[in-house]
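Working notes, structure below.
Only the coordinates and a few stated rules stand behind these numbers; no lab work does. Only a predicted model underlies this, so the values are computations on that prediction, with no experimental measurement involved. Methodologically, a virtual Cβ is constructed for each residue, glycine included, from the backbone with ideal geometry; neighbour enumeration extends over all protein chains shown.
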Amino acid sequence: MENRTPVAICSDSYFFEKDKSNSILVMGVGNYLMGDEGIGVHIIQEMSKIQFPGYVDILDGGTGGFLLLNCFEAYKTIIFIDATMDGKPAGTISLIRPKFASDFPSALSVHDVGLKDMIEAVYLMEVVPDIHLFTVSIEEINPMTIELNDKVQLVAGFHEGMTAMFGTEPETADNMELGFRYADGTTGVEAFYFESDYQSLKAACTNSQGGSCDEGDVFDGGAVDVSGIELSASMVVAGLNGVSYPLGVTYTSTDATFGNSFDDDGEYWGVVAAGDDVPYVPDSSLALVAGFAGANGLTGNMRYVSNGSSCSTAACGTYQTIDSHSYLDLSLRKALNTNMDLYVVIENMLDNEDVVARAPKDGIRSQKPRTMKVGFSLNF
């Protein structure tokens, strides 16, 4: 079997035009200066030095969030690695099979709200990946924090991100975040300011983009500066007869600009001036997630997402603008046993027809029309 350096590019459409249904994604999450010491990230960076079979991909997931949702749409099996303070002896490795926010450890590190909300959104998909969360127990939290009281912390963090890529140097970024965290039982609130300094932003050519590039070619976008704020909240409401109601909301405002000027002769980026916006990064994003989970194996989820405006090219003009757009997805799932589920999924419930993409040279794409899917999933 062919061996290669593992790579996963969840922000890159090229990666997801490939069939990953028989592949395994190993994703490490964490933050170097948070209480978990970035265990998941360290493991992934060590794994990047190893040759794995072609069906194993790895990803430095950083602090998680909805930007990683594409990963769950592409892979059949996903393995998370993260740290937790669960009272077990330090170094204890535990396996959790999370479906809802309440399934996560109570002290999953500073980025837990985004990950929990993302898991809720995953279960709106008609084919849910087999999710394994491996946690490494730690004794205490010693991050860069100031304890205001037993529920509120001021938090600072730093994360050195790395994404390996074929045939070129890896994409690297220095990420900083500063904010506060409130946690009280199953309720959590976070507000963070973040900055990411990409030394060498990478993108790959796809068949769907058109243009003069060849599929799989990788293009260097140079330095990129990303900054913004993220507000998130989640809670689990306990109902009658063992029913729980997980709720979550995340709002992100982002400014992403190129730090240098260049012209790649129209192969991918085109003409870029320092200060131009990075294509396809919305200026804001709002995600609302609500659901229920019954003791009888019946679960339901609703996800509403609203993305702000963006552009399809750096030199944005009238015909490159992508206006704000939104969609609403609903799902019901009934577990028949430990291996089989029945499901109903309605995507784009409101049947919105907004423009969501403009191929760099070849026109527009609208949202996926309202779609209803009924089926069953079987795990062996």
Please check which bits of region 306-330 a label hung off Ala273 would reach, taking the label as a point 7 Å along Cα-to-C-beta and the cut-off as backbone N under 17 Å. 311-321
On average, how much area does the Cα convex hull of region 222-312 cover when viewed from any direction, in nm²? 7.8 nm²
Could you tell me how far the Cα centroid of region 275-300 sits from the Cα centroid of region 305-362, in Å? 10 Å
What length, rounded to one decimal in nm, is gained on full extension from Ser377 through to Asp354, with 0.36 nm per residue of separation minus their alpha-carbon distance? 5.2 nm
Let me see the P(r) profile for region 261-353: every Cα-Cα distance counted, bins of 5 Å, each bin given as a percent of all pairs. 3, 11, 15, 14, 12, 10, 9, 9, 7, 6, 4, 1
Full-extension gain in nm, Arg365 to Leu342, via 0.36 nm per residue minus C-alpha separation: 5.1 nm
In nm, to one decimal, how far is the Leu298 label point from the Gln199 one, both placed 7 Å along Cα→Cβ? 5.5 nm
How far, in nm, would the chain grow between Asp174 and Ser324 when pulled straight, counting 0.36 nm per residue and subtracting the alpha carbon separation? 51.1 nm
Taking Lys and Arg as +1 and Asp and Glu as -1, residues besides Val272 with C-beta under 9 Å from its C-beta add up to -3
